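What follows is a single structure, written as structure tokens, with notes after it.
Rule-based calculations on the coordinates, nothing more; no lab input. For clarity, every value in this text was computed on a predicted model and none was experimentally measured. No Cβ is skipped: glycine too gets one built from the backbone with ideal geometry, and neighbour counts run over all protein chains shown.
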Amino acid sequence: MRGQLAGENIARYIYAGNATFTIRNPNTGNRFTYKVRAPRNQPEASVRFVSVLRGPENTRDYCYIGYIKNNRFVYGGRKASVNPEAPSVRAFNWFFHNPQSPKIEVYHEGKCGKCGRALTVPSSVTMGLGPHCAGKI
């Protein structure tokens, strides 16, 4: 069950290690979908890799744009496959520094931001994290 994130739940969800979410500007209708992942086999690492959905296949058409470390979003440089001036990169950078802005809406895709299992409990849908995973974060 897809849900809208708000307040402190946004940051908790993004840093959980397996987050897929969409940010939407309600004034323009523009939206971008991102994945923010922990390194493989290192879920407790302090870095998170950021990718943006760039094609019609919403499970694999993601392109790397950068990483989050020390509470900063850093563009991925040569490894990034999207220009730093692309609207999707600029939107993520702005969003990262203004996650609770009333100018945007943030939606998770109905899966736990940590383990990826489907969310079914209403309070879990609100948080974007299952009850078990929420206790670990």
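Charging the Cβ of each Asp and Glu at -1 and of each Lys and Arg at +1, and nothing else, the dipole of the chain about its Cα centre rounds to 300 debye. Under the criterion of Cα pairs below 8 Å and six or more residues apart, the relative contact order for segment 3-134 equals 31 percent. Return the whole-Å distance between the Cα centroid of segment 1-36 and the Cα centroid of segment 60-137. Measuring centre to centre over Cα atoms gives 6 Å.
Pairs exceeding 26 Å between alpha-carbon atoms, taken from Lys35/Lys79; Lys79/Lys111; Lys79/Lys103; Lys79/Lys136: Lys79/Lys111; Lys79/Lys103; Lys79/Lys136. Calculated from the alpha-carbon coordinates, the chain shows an Rg and a Dmax of 14.0, 42 Å respectively. Ranking of Cys112, Cys63 by neighbouring Cβ atoms within 10 Å, starting from the fewest: Cys63, Cys112. For a modelled paramagnetic label at Arg2, 7 Å from Cα along Cα-to-Cβ, the residues of segment 32-60 in reach, with backbone nitrogen under 12 Å, are 32-33. Please work out whether segment 45-86 counts as rounded, prolate or oblate from its C-alpha gyration tensor, where a ≥ b ≥ c are the square roots of the eigenvalues and a/c under 1.5 means rounded, while otherwise a/b larger than b/c means prolate and anything else oblate? Taking the square roots of the gyration eigenvalues as a ≥ b ≥ c, segment 45-86 is oblate. Of the GluC sites (Glu not before Pro) found in segment 8-86, the ones in coil according to DSSP and having at most 15 other Cβ atoms within 10 Å of their Cβ are Glu44, Glu57, Glu85.
Loop-located trypsin sites (Lys or Arg not before Pro) in segment 49-137 (DSSP state other than H, G, I, E, B) with a sparse environment of at most 15 neighbouring Cβ atoms within 10 Å: Arg60, Lys103, Arg117, Lys136.
Rounded, prolate or oblate: which fits segment 12-61 when a ≥ b ≥ c are the square roots of the eigenvalues of the alpha-carbon gyration tensor, with rounded for a/c under 1.5 and prolate only if a/b beats b/c? Judged from the Cα gyration tensor, segment 12-61 comes out oblate (a/c at least 1.5, b/c at or above a/b). Residues Thr33, Thr120, arranged from fewest to most other Cβ atoms within 10 angstrom of their Cβ, appear as Thr120, Thr33. Taking amide hydrogens as placed 1.01 Å from N in the peptide plane, the amide H of Arg54 sits under 5 Å from those of Tyr62, Cys63, each at least 5 positions away in sequence or on another chain.
What the Cβ-Cβ distance of Cys63 and Ser123 gives, at R0 = 30 Å and to the nearest 0.05, is a FRET efficiency of 0.35.
Each of Ser123, Ser88 was scored by other Cβ atoms within 10 Å of its Cβ. Arranged with the fewest first, they read Ser123, Ser88.
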